[in-house]
Amino acid sequence: MDRIYLDYNASTPLAPEVADVMRPYLESDYGNPSSLHWAGAPARAAVERARAQVAGLLGCAPGEVVFTSGGSEANNQALKGVYYALRERGDHIVTTRIEHPAIIAPCRFLERLGATVTYLPVDGAGLVDPDDVRQAITARTILVSVMHANNEVGTIQPIEEIGRIAKQHDVLFHSDAAQSLGKIPVDVAALGVDLLSLAGHKLYAPKGVGALYVRDGVALEPLIHGAGHEQGRRAGTESALLAVALGTACEIAAGWAGSSEVRGLRDRFWELLRAGLGERVVLNGDPERRLPNTLNVCFPGRVGAEILAALDGVAASTGSACHAGRVELSPVLEAMGVAPEVGMGALRFSLGRGTTAAEIEQVAARLNSILG
């Protein structure tokens, strides 16, 4: 069977242009960006050029970009940094039940330190109600954190409206944009966020690099203490290698015009499944407010892992896990109210720049054959 990759939400391949720009930093440009001599100056210039490229995609100032080791670190920096910096003012955080584990786990950790966290529900499409955010905010609230787009079902949250609510209450607002950046517009001013996380390996850059946007004037306690790199916000010698990779990936994403093509392939995929299986396939997530590359579906009465195994050679993700004969739904599908007998057959197909119409036709035909 042909190998077909439809798991771009899990990780993207390295863009050729990104690989090319990294090579000099693997071979010769090895200086420490903090060093003042001939070897350090080019590395420092490369890091700052990359910072400007990331800022260009986000619509912010370069000085508001902090390089991290990835989206998880950026999320941890945002949550813990705000909590430690503002805990004299308050100890309450508002988030949702469908956040990535890199948000949920730090929140659980902060609860052990005395924080109070409100986990808001979502509707059947995976959308949070902005009014729920408004009602959850108290005099002790210091941070609201709501992801821009869900990694499993692709639902895009009403971030702009939530941002206005947070601002009205003088509460900091963070959004995890790891899945949305490069797929839909992400402008920090338009979204109204104070903090925003991104991950390189969702954006055709390598694993191990990400960034946190920190609006000018927002004080954070560093997650990593040391020699005061990144203007004292994240200690650790900057990697010019990884910075230029992320910067180049962001520059490419800013000029990429293929999202409508990917959306068309995704919609064609759904049409083929519906035509072949009818009511035996169910769409998860909002049918309109959804990432253009993401198709999450359930095959009621079937087990997603078994379907994926039968799709030998197709890389995709399941929405449930099997343990000792028992099927557990993902927290996202559970929060959306998906019934276990439906959700156990969930599969996520996420498309990317390399996806072709022939691949979509082939996978749809195989699914219709397996399940027909």
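Summary of values
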read-out: Flag for VAL188 being surrounded by 15 or more Cβ atoms within 10 Å (Cβ to Cβ), of a type in the set (A, V, I, L, M, F, W, C), in contact with a Cys (Cβ under 6 Å, 6 or more places away or on another chain) and modelled with pLDDT of 95 or more; value: yes
read-out: Residue check for VAL297: in a strand (DSSP E or B), modelled with pLDDT of 95 or more and farther than 20 Å from ILE184 by Cα; value: yes
read-out: Residue in region 323-334 that is in a strand (DSSP E or B), in the same structural domain as ALA357 (by TED's automatic domain parsing) and within 17 Å of LEU6 (Cα to Cα) present; value: no
read-out: Of the criteria (1) under 19 Å from GLY59 (Cβ atoms); (2) crowded, with 16+ Cβ neighbours inside 10 Å, which one PRO206 fails; value: (1)
read-out: Meets criteria (closer than 22 Å to GLY192 by Cβ, of a type in the set (S, T, N, Q) and either assigned by TED's automatic domain parsing to the domain that holds GLY210 or surrounded by fewer than 16 Cβ atoms within 10 Å (Cβ to Cβ) (or both)) for GLN77; value: yes
read-out: GLU261 being under 21 Å from LEU79 (Cβ atoms) and either surrounded by fewer than 20 Cβ atoms within 10 Å (Cβ to Cβ) or not assigned by TED's automatic domain parsing to the domain that holds SER69 (or both); value: no
read-out: Qualifying residue in region 275-285 (condition: out of contact with any Gly (no Cβ under 9 Å at 6 or more places or on another chain), assigned to a helix (DSSP H, G or I), of a type in the set (D, E, K, R) and more than 18 Å from LEU196 (Cα to Cα)); value: yes
read-out: Test: ALA178 is aliphatic (A, V, I, L, M), within 18 Å of ALA102 (Cβ to Cβ) and in contact with a strand residue (DSSP E or B) (Cβ under 8 Å, 6 or more places away or on another chain); value: yes
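Here's the yes/no breakdown for (1) without any contact (Cβ under 8 Å) to a residue 40 or more places away in the chain; (2) under 20 Å from SER260 (Cα atoms); (3) surrounded by 13 or more Cβ atoms within 10 Å (Cβ to Cβ):
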residue	(1), (2), (3)
GLY276	no, no, yes
ARG280	no, no, yes
LEU291	no, yes, yes
ASN296	no, yes, yes
GLU306	yes, no, yes
VAL314	no, no, yes
MET344	no, no, yes
ARG348	no, yes, yes
LEU367	no, no, yes
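The values are calculated or read from the model by the stated rules, or taken from the named source; none is laboratory data. Small disclaimer: the values here were computed from a predicted structure and weren't measured. Every residue, glycine among them, receives a Cβ derived from its backbone with ideal geometry; neighbour counts consider all protein chains shown.
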